[in-house]
Amino acid sequence: MIVPLQGAQMLQMLEKSLRKYLPESLKVYGTVYHMNHGNPFNLKALVDKWPDFNTVVVRPQEQDLADDLDYYTNTYQIYSKDPQNCQEFLDSPQVINWKQHLQIQSSQSRLNDVIQNLANIRSFQANHSENILFASSETIKALFPSLLDTKNLSAGIGKPKAINQEMFKLSSLDVTHAALVDKFWLFGGNERSLRFIERCIKKFPSTCLLGPEGTPISWTLMDQTGEMRMGGTIPEYRAQGLVSFVVYSQSQIMKKRGFPVYSHTDKSNTAMQKMSYSLQHLSMPCAWNQWKCVPV
């Protein structure tokens, strides 16, 4: 059975229900939170039954899946209470269009077996990447306080060091800055990623520091899952603590709007991990997962 959740009441019920399963449901919870605040990416949520669902998939509307090769837009967020038994639901073409290049995001590594099974059945390659999932101590305190272990909080006050405000000006990104962000984004560097970044800048709050020339030197923005993404600093301004100032400023904006403050970091990126801990962002017991799926 496939049940599309339509109307504010059903989506608010879903958001409330997903809170019980945080942080494992974080990727889907953040997306549904967006949907309940204007749905700027025009997404839809599908469940296998209602109201006592097992699996929820958030995905673009059919008309937005026009480009078969655009895995930035063709993105699906999944949370399942029963990852071992959600294969039949995920296999449905009404739920996921497996004929396209797409990506799946989830805070559940346990979905890997099901996705790899589907890859064998439907002849596509699924490249899985697993990264460290961070959430701010304030988000943990507000949404899943049982996980807040104060022993893990750094001795710092969770604020970045002051910056030279004559040299650097706090601002937000403009759509004309998308090419710069794309240049330094690990997953970027092509026409489709540029289009995705432009869309995120237009739809969601972002933060940057403008350098003496009036152009961004450090930045972070937000995607359709409510996650802080694509943070970067141009090489000549690195190792000055600028990105922690930007991340802190962005997290304050998100906190005011009620968004969960979370992000992910590559396991090898110790500098960003250290920065996260200094801002009292803690690593979660579950991981940030992405499957990049390509038909063979």
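The values are calculated or read from the model by the stated rules, or taken from the named source; none is laboratory data. Keep in mind that what you see is a predicted model, and the values were worked out from it rather than measured. Note that each Cβ is placed from the backbone with ideal geometry, even for glycine, and that neighbours are counted across all protein chains shown. Just the protein is used for accessible areas: all its heavy atoms, side chains included, with ligands, DNA and RNA removed. Shrake-Rupley method; radii C 1.70, N 1.55, O 1.52, S 1.80 Å.
Only one of the numbered conditions (1) over 20 Å from the mean Cα position of the chain (by Cα); (2) without any contact (Cβ under 8 Å) to a residue 24 or more places away in the chain is violated by Lys183, and that is (1).
Going by the structure shown, is Met275 in contact with a helix residue (DSSP H, G or I) (Cβ under 7 Å, 6 or more places away or on another chain) and not in a loop (DSSP other than H, G, I, E, B)?
Spelling it out, Met275 is indeed in contact with a helix residue (DSSP H, G or I) (Cβ under 7 Å, 6 or more places away or on another chain) and not in a loop (DSSP other than H, G, I, E, B).
Selection of helices (runs of 4 or more DSSP H) fully inside the stretch 97-194 by the criterion of at least 2 residues being among the polar types (S, T, N, Q) returns 112-122, 137-143.
Among the residues in the stretch 149-157, are any over 25 Å from Tyr33 (Cα atoms), touching a strand residue (DSSP E or B) at 6+ places or on another chain (Cβ under 7 Å), open to solvent by 40 Å² or more (accessible area, probe 1.4 Å) and not assigned by the TED database to the domain that holds Met35? Scanning the stretch 149-157, I find at least one residue that is over 25 Å from Tyr33 (Cα atoms), touching a strand residue (DSSP E or B) at 6+ places or on another chain (Cβ under 7 Å), open to solvent by 40 Å² or more (accessible area, probe 1.4 Å) and not assigned by the TED database to the domain that holds Met35, so the answer is yes. Of the residues Gln77, Gln94, Gln84, the single one that is in the same structural domain as Ser17 (by the TED database) and part of a helix (DSSP H, G or I) is Gln84.
Flag: Ile197 matches the condition of being outside the structural domain of Tyr33 (by the TED database), within 17 Å of the chain's Cα centre (by Cα) and modelled with pLDDT of 95 or more. When Asp174, Asp113 are screened for being of a type in the set (D, E, K, R), at pLDDT 95 or above and assigned by the TED database to the domain that holds Lys99, only Asp113 passes.
Scanning the stretch 42-61 turns up at least one residue that is open to solvent by 30 Å² or more (accessible area, probe 1.4 Å), farther than 20 Å from Asn117 by Cβ, in a strand (DSSP E or B) and in contact with a strand residue (DSSP E or B) (Cβ under 9 Å, 6 or more places away or on another chain). Just one of the numbered conditions (1) farther than 27 Å from Ser107 by Cβ; (2) exposed (fewer than 15 other Cβ atoms within 10 Å of the Cβ); (3) under 20 Å from the mean Cα position of the chain (by Cα) is not true of Lys202: (1).
Only residues that are over 17 Å from the mean Cα position of the chain (by Cα), among the polar types (S, T, N, Q) and either in the same structural domain as Thr31 (by the TED database) or open to solvent by less than 20 Å² (accessible area, probe 1.4 Å) (or both) were counted in the stretch 224-248, giving 2. For the stretch 211-223, the criterion of a residue being free of Cβ contacts under 8 Å to residues at least 40 places away in the same chain, open to solvent by 20 Å² or more (accessible area, probe 1.4 Å) and part of a helix (DSSP H, G or I) is satisfied by no position.
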